Amino acid sequence: MDIQAGQEKEHFDDQATAEHVKCLIIGSGPAGYTAAIYAARANLKPVLYKGLQPGGQLTTTTEVENFPGYPEGVSGPVMMEDLEKQAERFGTDVRWGMVTHADFSGTPFKVVVDDSHTVESDSVIIATGATARYLGLESEEKFKGSGVSACATCDGFFYRGKDVAIVGGGDSACEEALYLSVMCRKVYMIVRKDYLRASKILQKRVSETSNIEILFERNTKELHGDKVLEEAVLVKRMGQPDESEEVLKIDGFFLAIGHVPNSGIFKKYLETDETGYLKTMPGTTRTRIPGIFACGDVQDKIYRQAVTAAGSGCQAAMDAERYLSMK
C-alpha cells in the first residue's frame, strides 16, 4: 500500500465498528430531502446527513415564490423545515453532521462523518449542492436577503420597477441582466474588465436593451444601507493612478460570478467536468460507479433551481431503488 492510500485508510473505522445502512444521502437541500422522501417511501431506510449548510442555499433566501404548492410564497428556511418534516414522517433518519472523507473504491461504500464516525452503505446519493461565489465583502453578508442575492431568477421578482446591479461579464451575468431588465426600471452591469466575456449573441442582446447600462472597469468596494441595501460604492481602475470612486443608488445587488460545486471529497472516484460538477449519465442520476448517484446543484450547472433540484432528487432515489433491487 502506498503512503497516500495508507493515510486515507486511517480515517475509517474497521469493519466491525462501522455502521451499515442501505441508502446514505449526503446533503439536505431540496434534492437531498426529496431523495429522502422517495427513498423512505420505498423502504430503503435512508440516513441523511445535513452537511455544512443544512437546508442548502435556500436558507439564505427570505422568500420563495416560484416553488409549486406555495401560492402565497414561503421563506427558504421554512420550506426546508417542511421538507425535512416530510422526509422524517416517512422514516428518514435525518442527522446533523458533515461527510469529511469518502472511499468509493469498493462496496459497501464508506464515508466518515465529522472526522470521527464511519458509515458503510450499499448505495449513496450525493446532494451536496454548490456554493455561490461572492466578492468577500462583509457588507454582502449583512445584506443577504435584504438586497444582495446570487440568483436573479429566484429573487428578481422582488425588485420590480426598481434599480438593480449585477456583477459579472460572462454568459450567466448577461442572461440574468436580460431577465432582470424585463421587470426592473434600470439594470447596471458591473464588469471588472473592459469587455464582456459572454457570447456574441448575448452581448448583442444586452447592448440592444435600453435599460441595461454596462459599467466597465469597475470593482465593488462597499455596500451601504440601513436595514436594506441602498447603494454600492464602485471603484474604477482600482490600483491605478486615475482610480476614482462612484456611488450607485440601487435596491438590489446580484452576483453572477459563478458557483463552486461541493464535490471536492468525491473527485478521487467520480468524474467531474472542468469546473468540478459531478458528471452523470444522460437522463439519469447515475455516476460512473454503480450504486453512487448525484442530484441537485452538485451536478447541475445550468438550471440551479429548487424545483429542478427536487426533481433530480426524486430521480436519484428511484435510481437507487432500482439498483438495490437488482443486487
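Got at least one residue in region 58-75 being under 29 Å from E271 (Cβ atoms) and crowded, with 17+ Cβ neighbours inside 10 Å?
yes
Please work out if D297 is under 28 Å from L137 (Cβ atoms), charged (D, E, K, R) and in the same structural domain as M98 (by TED's automatic domain parsing).
So D297 fits the description; yes.
Does region 44-57 hold any residues that are surrounded by 17 or more Cβ atoms within 10 Å (Cβ to Cβ) and of a type outside the set (A, V, I, L, M), and which are they?
Across region 44-57, the qualifying residues are P46, Y49, K50, G51, Q53, P54, G55, G56, Q57.
Considering only region 251-274, I want to know if a residue exists there that is modelled with pLDDT under 95, out of contact with any Ser or Thr (no Cβ under 6 Å at 6 or more places or on another chain), in the same structural domain as C151 (by TED's automatic domain parsing) and of a type in the set (D, E).
No, that holds for no residue.
Within region 100-164, considering only strands (runs of 3 or more DSSP E) that don't extend past its boundaries, which have at least 1 residues that are surrounded by fewer than 18 Cβ atoms within 10 Å (Cβ to Cβ), among the hydroxyl-bearing types (S, T, Y) and in contact with a helix residue (DSSP H, G or I) (Cβ under 8 Å, 6 or more places away or on another chain)?
Details: elements: 109-113, 117-126, 130-132.
Because the criterion is at least 1 residues that are surrounded by fewer than 18 Cβ atoms within 10 Å (Cβ to Cβ), among the hydroxyl-bearing types (S, T, Y) and in contact with a helix residue (DSSP H, G or I) (Cβ under 8 Å, 6 or more places away or on another chain), the strands (runs of 3 or more DSSP E) in region 100-164 that meet it are 130-132.
Which of the residues spanning region 12-29 are modelled with pLDDT of 70 or more and not in a strand (DSSP E or B)?
Matches in region 12-29: T17, A18, G27, S28, G29.
Filter region 268-315 down to residues that are of a type in the set (K, R) and assigned to a loop (DSSP other than H, G, I, E, B) and give me whichever is farthest from L83 (Cα to Cα).
K268
Checking the condition within 21 Å of the chain's Cα centre (by Cα), of a type outside the set (V, I, T) and modelled with pLDDT of 95 or more, which residue from G51, G32 passes?
Sole residue among the options that is within 21 Å of the chain's Cα centre (by Cα), of a type outside the set (V, I, T) and modelled with pLDDT of 95 or more: G32.
So the check is Cβ under 7 Å with 6+ separation or different chains; which pairs have a first residue in region 242-267 that's assigned to a loop (DSSP other than H, G, I, E, B) and surrounded by 13 or more Cβ atoms within 10 Å (Cβ to Cβ) and a second one that's among the charged types (D, E, K, R) and modelled with pLDDT of 95 or more?
Note: pairs meeting the criteria are I250/D163; I250/E231; D251/K162; D251/D163.
Given the residues G136, G97, which is the only one that is within 23 Å of E81 (Cβ to Cβ) and under 22 Å from the mean Cα position of the chain (by Cα)?
Values: G136 fails: within 23 Å of E81 (Cβ to Cβ).
One residue alone meets the criteria, G97.
Being touching a residue at least 40 places away in the same chain (Cβ under 8 Å) and more than 24 Å from K50 (Cβ to Cβ) is the filter here; which residues of region 104-139 pass it?
Residues satisfying the conditions are S105, T107, L135, L137, S139.
When you look at L234, is it over 26 Å from V78 (Cα atoms) and touching an Asp or Glu at 6+ places or on another chain (Cβ under 8 Å), yes or no?
Details: over 26 Å from V78 (Cα atoms): yes; touching an Asp or Glu at 6+ places or on another chain (Cβ under 8 Å): yes.
So L234 fits the description; yes.
The values are calculated or read from the model by the stated rules, or taken from the named source; none is laboratory data. Bear in mind the structure is a predicted one, so any value in this text is a computation, not a measurement. Every residue, glycine among them, receives a Cβ derived from its backbone with ideal geometry; neighbour counts consider all protein chains shown.
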